[in-house]
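Comments concern the structure below.
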Amino acid sequence: MEKIEKRRRLVWIGGSLAGGLILAVLISRLSLTGQGQPASRLISDLPQSAVSEPSAPAVYRILGEWEGRLAIFFPGEPFPEQVYEVRLITLPQEEQERLSAGIPVESVAALSRYLEDYTG
């Protein structure tokens, strides 16, 4: 259970750092051009890609590990929604590490692909 909590904290810290970085960039942008211009003017000065690209996709589920087996978690939940009979030790080391860290899954279709890959 400590592994799961540690993983959740790392995901939360990563999200916080990303948000802080975005905020820092916006603040520095305001500081550099801030000569009394309204915020709408500053946003219009940003490249179109910075304004129109969506942020990171929402996480639908987390594919991970529970007691050495493949499991699906709701984001932010410490206990799995479902546990499979697939033992991580039977997978390549790289996959074991990815699953131990938690793989964010963005949709039902992506989850189905992962499960098909791991469960055969």
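The values are calculated or read from the model by the stated rules, or taken from the named source; none is laboratory data. Worth saying up front: this structure is predicted, and the values here are computed from it rather than measured. Note that each Cβ is placed from the backbone with ideal geometry, even for glycine, and that neighbours are counted across all protein chains shown.
The table for this structure:
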quantity: Among residues of region 54-97, those that are surrounded by 11 or more Cβ atoms within 10 Å (Cβ to Cβ) and closer than 14 Å to LEU115 by Cβ, counted; calculated: 18
quantity: Wholly enclosed strands (runs of 3 or more DSSP E) of region 34-120 bearing at least 3 residues hydrophobic (A, V, I, L, M, F, W, C) and at pLDDT 95 or above; calculated: 61-66, 69-73
